[in-house]
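Trainee: Got a structure here, written out as structure tokens. Questions coming.
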Amino acid sequence: MSASLDFYLTQMKTAIVVQFQYRVANYFYMIGMIAEPVVYLVVWTTVARAQGGTVGGYTAEAFAAYYIVWTLVRNMNIVLTPYAWENRIRQGDLAAELIRPLHPFHFDLAYFAGWKFVAIVMWLPIAVALALIFKPALDPTAGEAAAFVVALWGGFFVRFGLLWALGLVTFFTTRVSAVFELYFTAELLLSGRLAPISLMPQWVQGLVNFLPFKWAFGFPIEVLIGQLTPAQIVTGLLAQAAWSLFGVGLVWLLWRPSLRRFAAVGG
Amino acid sequence: MNYLRLAWLYLRVGVLNELQYRANFFVQLFQSLLALGTGLVVLGLVFGHTNELGGWSRAELLAVMGVHILMGGLIRTMIQPNMERLMGDVQRGTLDYALTKPADAQVLVSVREVRIWQSVDVLMGLLVLAAAVLQLQGRFGIWQALGFLAALALGGLMIYSLWLMVTTGAFWVVRMENILELFEGIYHAGRWPVGIYPDWLRTGLTFLVPVAFAVTVPAEAITGRLTAQTLIGAAALTAVMMTAARMVWKFGLRNYTGASA
């Protein structure tokens, strides 16, 4: 137990040191990412103004808060892309990873978790700049802020587990991009990334409760901007735990059958 | 004329090369359809809450979306592949092979690559535009069509100039891949008419990264908003940017010492 804790800490430290070296690359990436929420924010603010100030329960300032928190959640949501498996298999990296005594899942989880600390530190100045420009209405209680920290990492675990499991599809077919693109499109529409869930039609709002996407993305945002009751927050955290377990369970179930399809490449 | 023949030749070779990989057509078609579906859902979502956005109706925004897809397809078919190859050549030191050829190097590096399957988006954009024009009901005539083509060509040239200037930066900063992400992020903003953005952003999208001229202005032509002043302004800015790109390119070449053996 203490050995694996030690492993996690070391791997996270390594990730932090490595990623801090690529500060400029990380920043380019982040700034490119900022365009997306700013566009959504402007569009919905314009709609809200045209509708006399609010739409779907959001004012211009509430939208600003939503999309600024959005940028942090989006950064926390970046996990191992399922496309990475293609390279791992083709270039033989996987063969080397399999020799290690620990499941590769742990390596990736610890690495990305460490990287998140770099992302958070680098995100802060961007958040300050966005807040100065768009003047968000953000006034969370201490309880909401605490719940947000948990929900933020909860979202990371949900998405990490599910996408890791999804990546295993690569072992079974070479036409993976169609599967992944479908998943990402569904995620874009149903997670709260495109627009807050409360702007969606009623039936979609019901549907998203039973899918993982909202729990990884929209839910943490709604916690911090004060859209949820304490009961809803607890329910959401439980949903995150359930989907995290579901992801880990999928990995556990699929890992052996996947490996059986794997013929090692490289030396 | 010689350069046109050269470009045509490269185009033909590139197309023949890509036509070997037919399956990629279906991959591209699938991706384009998903993107189109997403775009239509967003449009439906926005207009489920309002009747107009910054003075543009639903049909007019459909036209903006059509131009955005069309121009995106053009960029990914003709401009981006060449600039990616240029960056790669600088990194690997293989640019020397292009520089030693007896033709103008700028023309050469701008026409070497074509990714013909990406032009699925060009067709898709045209279809969306046709649908938008039908919904706009009869405000579209020969003058609008000519204005649209002129605006589209000018916008394309501006985007090319910007890409060339940025890519020339690879002569100094060798690793430039993340520029791609940055450009894609900013181009995303062109999905909506630039008039809805706050002043500082609109100015940036007009003069710094000319998304306004590449997408909004051609869409203005289709929806009958294009004024002669705008078109003349676009022509002037295109001339300025083409000249600047030429100068930056020449300056970059002078600083380039080569890397190959």
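None of the figures in this text is laboratory data; all of them are computed from the coordinates on show. Predicted model, so just to flag it, every value in this text is computed and none were measured. FYI the Cβ positions are ideal-geometry reconstructions off the backbone, even for glycines, and counts take in every protein chain you see.
Trainee: Please state which of the following conditions B:LEU152 fails to meet, knowing it meets all the rest: (1) touching a helix residue (DSSP H, G or I) at 6+ places or on another chain (Cβ under 7 Å); (2) within 14 Å of chain A (Cβ to nearest Cβ).
Mentor: Evaluating B:LEU152 over (1) touching a helix residue (DSSP H, G or I) at 6+ places or on another chain (Cβ under 7 Å); (2) within 14 Å of chain A (Cβ to nearest Cβ) leaves (2) as the failure.
Trainee: Here is a further query. Before we move on, is A:THR174 more than 18 Å from the chain's Cα centre (by Cα) and surrounded by 14 or more Cβ atoms within 10 Å (Cβ to Cβ)? Write out each step before concluding.
Mentor: Values: more than 18 Å from the chain's Cα centre (by Cα): yes; surrounded by 14 or more Cβ atoms within 10 Å (Cβ to Cβ): no.
When the stated conditions are applied, A:THR174 does not pass them.
Trainee: Checking A:THR46 against (1) in a helix (DSSP H, G or I); (2) crowded, with 20+ Cβ neighbours inside 10 Å; (3) touching a residue at least 40 places away in the same chain (Cβ under 8 Å): exactly one of these is not met. Which one?
Mentor: With respect to (1) in a helix (DSSP H, G or I); (2) crowded, with 20+ Cβ neighbours inside 10 Å; (3) touching a residue at least 40 places away in the same chain (Cβ under 8 Å), A:THR46 is out only on (3).
Trainee: Also, quick follow-up: Please count how many residues of segment B:29-58 are in a helix (DSSP H, G or I) and at the interface with chain A (Cβ under 8 Å from one of its Cβ atoms).
Mentor: Going through segment B:29-58, the residues in a helix (DSSP H, G or I) turn out to be B:29-47, B:58.
Now restrict to residues that are at the interface with chain A (Cβ under 8 Å from one of its Cβ atoms): B:30-31, B:34, B:37-38, B:41-42, B:45-46.
Residues that pass the stated criteria total 9.
Trainee: Can you find a residue in segment A:62-85 that is over 22 Å from the mean Cα position of the chain (by Cα), over 23 Å from A:PHE156 (Cα atoms) and either crowded, with 17+ Cβ neighbours inside 10 Å or more than 14 Å from chain B (Cβ to nearest Cβ) (or both)? Break it down into steps so the answer makes sense when it comes.
Mentor: Within segment A:62-85, the subset over 22 Å from the mean Cα position of the chain (by Cα) is none.
No, every residue in segment A:62-85 fails to be over 22 Å from the mean Cα position of the chain (by Cα), over 23 Å from A:PHE156 (Cα atoms) and either crowded, with 17+ Cβ neighbours inside 10 Å or more than 14 Å from chain B (Cβ to nearest Cβ) (or both).
Trainee: Could you check segment A:235-248 and list, in sequence order, the residues that are over 22 Å from A:ALA65 (Cα atoms) and aliphatic (A, V, I, L, M)?
Mentor: Taking segment A:235-248 first, the residues over 22 Å from A:ALA65 (Cα atoms) are A:235, A:238-248.
Passing the criteria: A:LEU238, A:ALA239, A:ALA241, A:ALA242, A:LEU245, A:VAL248.
Trainee: Only one of B:VAL107, B:VAL15, B:VAL46, B:VAL64 is touching a residue at least 60 places away in the same chain (Cβ under 8 Å), of a type in the set (A, V, I, L, M, F, W, C) and crowded, with 16+ Cβ neighbours inside 10 Å; which?
Mentor: B:VAL64
Trainee: What tally of residues in segment A:120-165 results from selecting those that are part of a helix (DSSP H, G or I) and of a type in the set (Lys, Arg)? Let's see the steps before the verdict.
Mentor: Restricting attention to segment A:120-165, the residues satisfying the condition of being part of a helix (DSSP H, G or I) are A:120-134, A:142-165.
Among the residues that remain, those that are also of a type in the set (Lys, Arg) are: A:159.
Counting residues in segment A:120-165 that are part of a helix (DSSP H, G or I) and of a type in the set (Lys, Arg) gives 1.
Trainee: Here is a follow-up. Name the single residue that is nearest to the other protein chains (Cβ to nearest Cβ) among those in segment B:195-212 being more than 16 Å from the chain's Cα centre (by Cα), of a type outside the set (Asp, Glu) and in a helix (DSSP H, G or I). Spell out how you get there, then give the answer.
Mentor: Taking segment B:195-212 first, the residues more than 16 Å from the chain's Cα centre (by Cα) are B:195-204.
Next cut, of a type outside the set (Asp, Glu) only: B:195-198, B:200-204.
Next, from what is left, pick out any that are in a helix (DSSP H, G or I): B:195-196, B:200-204.
Numbers: B:GLY195: 10, B:ILE196: 5, B:TRP200: 8, B:LEU201: 7, B:ARG202: 10, B:THR203: 14, B:GLY204: 11 Å.
This residue is B:ILE196.
Trainee: Would you mind finding the one in A:TYR40, A:TYR29 that is free of Cβ contacts under 8 Å to residues at least 24 places away in the same chain, part of a helix (DSSP H, G or I) and within 24 Å of A:LEU124 (Cα to Cα)?
Mentor: On the way: A:TYR40 fails: free of Cβ contacts under 8 Å to residues at least 24 places away in the same chain.
Residue meeting the stated conditions: A:TYR29.
Trainee: Let me ask something else. In segment B:178-194, which residues are at the interface with chain A (Cβ under 9 Å from one of its Cβ atoms), over 14 Å from the mean Cα position of the chain (by Cα) and part of a helix (DSSP H, G or I)?
Mentor: B:ASN178, B:ILE179, B:GLU181, B:LEU182
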